[in-house]
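Take a look at the structure set out below.
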Amino acid sequence: MARMKFGVFLAPHHPIGEHPTLQIRRDLDLAEALDKLGYDEFWVGEHHSGGWETIASPELFLAAAGERTTRIMLGTGVVSLPYHHPFNVAQRMVQLDHLTRGRAMFGVGPGALPSDARTLGIDPALQRDRMDEALGVIIRLLREDKPFTYKSDWFELNDAMLQIKPLQEDMPIAAASTLSPAGMKAAGKYGVGVISVASHTADGLAALPTQWGFGETYAQEYGQVIDRKNWRVLSQWHIAPTKEQALAEVAEGLKRWHNEYNVDILGRPNANHIEDGVAMATAMDRSGAAMFGTPEEAVEKIAHLQEISGGFGTLLGFAHDWAAPDQCLRSYELFARYVIPRVTRMIEPVQRSADAVAEHKQELMEKAGQAVLSAIRAHNASHPRQQKPEGTDAGVVAYATADKPAN
């Protein structure tokens with residue numbers, strides 16, 4: 001498999017109380033910071049209710065982020081296809097791809113919040129089928145060169161074709177997958193990538209091998225091929241110099257997120273109020289659903305995640321406000337500096353070079369010292385009248401072989 005990639009998934013999940021404009025600006029700052037740190041991907045979600053997830057148009061947000069970044073890929077994580085006419089979605093993604101100079105990624109889903117579907121008058125039982133139908137039409141619009149007509153019970157196209165095609169020859173497309181087979185069915189049916197958005201929970205983590213099996217089954221059924229390098233797995237991490245510090249920094253924010261959003265607002269099944277944020281963070285870390293600790297611990301957990309899943313291409317960190325903003329940025333920096341290069345094996349050739357020099361250091365230093373001494377003796381032989389203090393030769397050799405900073 002190709003070298004593993006890393007990114008961040010911004011739902012966002014922002015506690016109620018902060019100025020919405022400042023939240024959006026802070027999210028743009030995050031995109032810019034991740035770009036500078038060398039992260040590969042940045043995904044942004046679409047939500048319309050609930051108070052915590054406040055970006056309604058990921059395409060608009062990513063267009064702004066594209067102006068502040070240079071290399072990071074920018075994805076809709078995800079567009080809720082049943083909420084939109086497929087032609088408009090295709091048009092917006094093409095425009096985003098051109099605005100970002102070919103850095104757009106198209107993530108799709110049926111819609112995560114029942115309250116959003118209720119607002120738009122959509123029966124939740126229809127959402128997954130509509131996502132599947134819309135995705136098939138959008139792929140045709142993006143890839144085909146001839147106009148086509150399509151009539152559905154919820155949208156219509158007449159001699160439809162896009163005026164402009166994406167800048168990328170093959171824009172990355174990924175379907176969101178939770179615990180149901182719907183996302184994996186779409187991925188297999190159309191031969192696109194996957195974002196496993198439930199893998200940051202214990203149940204979702206355990207379901208990863210089964211989920212990929214669903215995708216392979218549907219791919220075979222529809223004559224498609226899916227590749228694990230296009231599988232994105234969502235996790236959550238907070239990195240600090242010590243595990244105790246990492247747990248302490250996320251404890252209160254994690255507690256608030258769980259109690260206020262998951263329990264009080266969403267009413268997630270089997271979710272109850274907690275009193276101890278450290279205990280919850282510790283339990284999440286032990287289950288593998290989160291990585292709270294040092295860079296070394298994160299490297300080990302990623303290796304375990306690859307093992308239990310059977311292998312995937314990109315790890316996405318779930319962006320959160322559990323810790324203070326400066327602590328979150330430090331976590332992303334520590335992850336970029338000390339986790340990513342070890343997982344991608346970038347440190348190995350550096351270490352091999354250091355080990356090779358260390359193994360032969362005495363021989364190398366002696367030869368270097370002798371070379372300097374030979375040069376001095378040759379100079380003295382050609383300039384016999386030049387005086388030098390007694391013991392100079394030995395001093396030069398000692399200096400040449402000493403550990404000193406370069407000029």
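The values are calculated or read from the model by the stated rules, or taken from the named source; none is laboratory data. Keep in mind that what you see is a predicted model, and the values were worked out from it rather than measured. Heads up, the Cβs are rebuilt from the backbone with ideal geometry, glycines too, and the neighbour counts pull from every protein chain shown.
If I ask for residues that are assigned to a helix (DSSP H, G or I), within 23 Å of residue 41 (Cα to Cα) and either modelled with pLDDT of 90 or more or not assigned by TED's automatic domain parsing to the domain that holds residue 313 (or both), which ones from the range 189-207 would you list?
Within the range 189-207, the subset assigned to a helix (DSSP H, G or I) is 189-190, 202-206.
Retained after the next criterion (residues that are within 23 Å of residue 41 (Cα to Cα)): 190, 204-205.
Passing the criteria: only 190.
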Single match in 307, 333 (criterion: surrounded by 12 or more Cβ atoms within 10 Å (Cβ to Cβ) and either out of contact with any strand residue (DSSP E or B) (no Cβ under 8 Å at 6 or more places or on another chain) or assigned to a loop (DSSP other than H, G, I, E, B) (or both)):
333
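Please enumerate the residues belonging to the range 1-39 that are among the β-branched types (Val, Ile, Thr) and either modelled with pLDDT under 95 or crowded, with 18+ Cβ neighbours inside 10 Å (or both). Lay out the reasoning, then the answer.
First, the residues of the range 1-39 that are among the β-branched types (Val, Ile, Thr): 8, 16, 21, 24.
Hit for the range 1-39 is 8, nothing else.
Would you say residue 49 is in the same structural domain as residue 115 (by TED's automatic domain parsing), under 24 Å from residue 152 (Cβ atoms), surrounded by fewer than 18 Cβ atoms within 10 Å (Cβ to Cβ) and not aliphatic (A, V, I, L, M)?
Numbers: in the same structural domain as residue 115 (by TED's automatic domain parsing): yes; under 24 Å from residue 152 (Cβ atoms): no; surrounded by fewer than 18 Cβ atoms within 10 Å (Cβ to Cβ): yes; not aliphatic (A, V, I, L, M): yes.
No; evaluated as a whole, the condition is false for this residue.
Could you list, in sequence order, all residues of the range 161-173 that are in contact (Cβ under 8 Å) with a residue 12 or more places away in the chain and within 15 Å of residue 97 (Cα to Cα)?
Of the range 161-173, the ones in contact (Cβ under 8 Å) with a residue 12 or more places away in the chain are 161-162, 164-168, 171-173.
Passing the criteria: 162, 164, 165, 166, 167, 168, 171, 172, 173.
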Could you list, in sequence order, the residues of the range 109-122 that are of a type in the set (Gly, Ala, Ser) and either surrounded by fewer than 19 Cβ atoms within 10 Å (Cβ to Cβ) or over 26 Å from the mean Cα position of the chain (by Cα) (or both)?
115, 117, 121
So, residue 50, is that one within 19 Å of residue 142 (Cα to Cα) and in contact with a Phe, Trp or Tyr (Cβ under 8 Å, 6 or more places away or on another chain) or not?
no
Within the range 336-369, restricting attention to residues that are among the small types (Gly, Ala, Ser) and free of Cβ contacts under 8 Å to residues at least 40 places away in the same chain, which residue is surrounded by the most Cβ atoms within 10 Å (Cβ to Cβ)?
369
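Return a yes/no flag: does the range 56-64 have any residue that is of a type in the set (Ser, Thr, Tyr) and either out of contact with any Asp or Glu (no Cβ under 6 Å at 6 or more places or on another chain) or over 24 Å from residue 112 (Cβ atoms) (or both). Spell out how you get there, then give the answer.
Applying the first criterion (of a type in the set (Ser, Thr, Tyr)) to the range 56-64 yields 57.
From what's left, either out of contact with any Asp or Glu (no Cβ under 6 Å at 6 or more places or on another chain) or over 24 Å from residue 112 (Cβ atoms) (or both): 57.
Checked against the condition, which is being of a type in the set (Ser, Thr, Tyr) and either out of contact with any Asp or Glu (no Cβ under 6 Å at 6 or more places or on another chain) or over 24 Å from residue 112 (Cβ atoms) (or both), the range 56-64 yields at least one hit.
Look at residue 400 and say whether it is modelled with pLDDT under 90, surrounded by 10 or more Cβ atoms within 10 Å (Cβ to Cβ) and either acidic (Asp, Glu) or under 48 Å from the mean Cα position of the chain (by Cα) (or both). It would help to see each step written out before you state the result.
Working: modelled with pLDDT under 90: yes; surrounded by 10 or more Cβ atoms within 10 Å (Cβ to Cβ): yes; either acidic (Asp, Glu) or under 48 Å from the mean Cα position of the chain (by Cα) (or both): yes.
When the stated conditions are applied, residue 400 passes them.
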Options 299, 263, 278: the member that is assigned by TED's automatic domain parsing to the domain that holds residue 10, without any contact (Cβ under 8 Å) to a residue 12 or more places away in the chain, assigned to a helix (DSSP H, G or I) and hydrophobic (A, V, I, L, M, F, W, C)
263
Filter result for the condition that a residue is closer than 25 Å to residue 155 by Cβ and either among the polar types (S, T, N, Q) or surrounded by fewer than 20 Cβ atoms within 10 Å (Cβ to Cβ) (or both), over 106, 61, 87
87
Which one of these does residue 323 not meet: (1) in contact with an Asp or Glu (Cβ under 7 Å, 6 or more places away or on another chain); (2) assigned to a helix (DSSP H, G or I)?
(2)
Test for residue 339: is it at pLDDT 95 or above and more than 16 Å from residue 240 (Cα to Cα):
no
Give 175, 186 a once-over and let me know the one that is surrounded by 20 or more Cβ atoms within 10 Å (Cβ to Cβ) and in a helix (DSSP H, G or I).
186
Regarding the range 92-112, can at least one residue be identified that is modelled with pLDDT under 95 and either aliphatic (A, V, I, L, M) or assigned by TED's automatic domain parsing to the domain that holds residue 233 (or both)?
yes
Number of positions in the range 231-257 that are polar (S, T, N, Q) and either outside the structural domain of residue 203 (by TED's automatic domain parsing) or in contact with a Phe, Trp or Tyr (Cβ under 9 Å, 6 or more places away or on another chain) (or both):
2
For the range 257-300, give me each residue that is more than 14 Å from residue 242 (Cα to Cα) and either in contact with an Asp or Glu (Cβ under 6 Å, 6 or more places away or on another chain) or of a type in the set (D, E, K, R) (or both).
260, 264, 268, 275, 276, 277, 286, 300
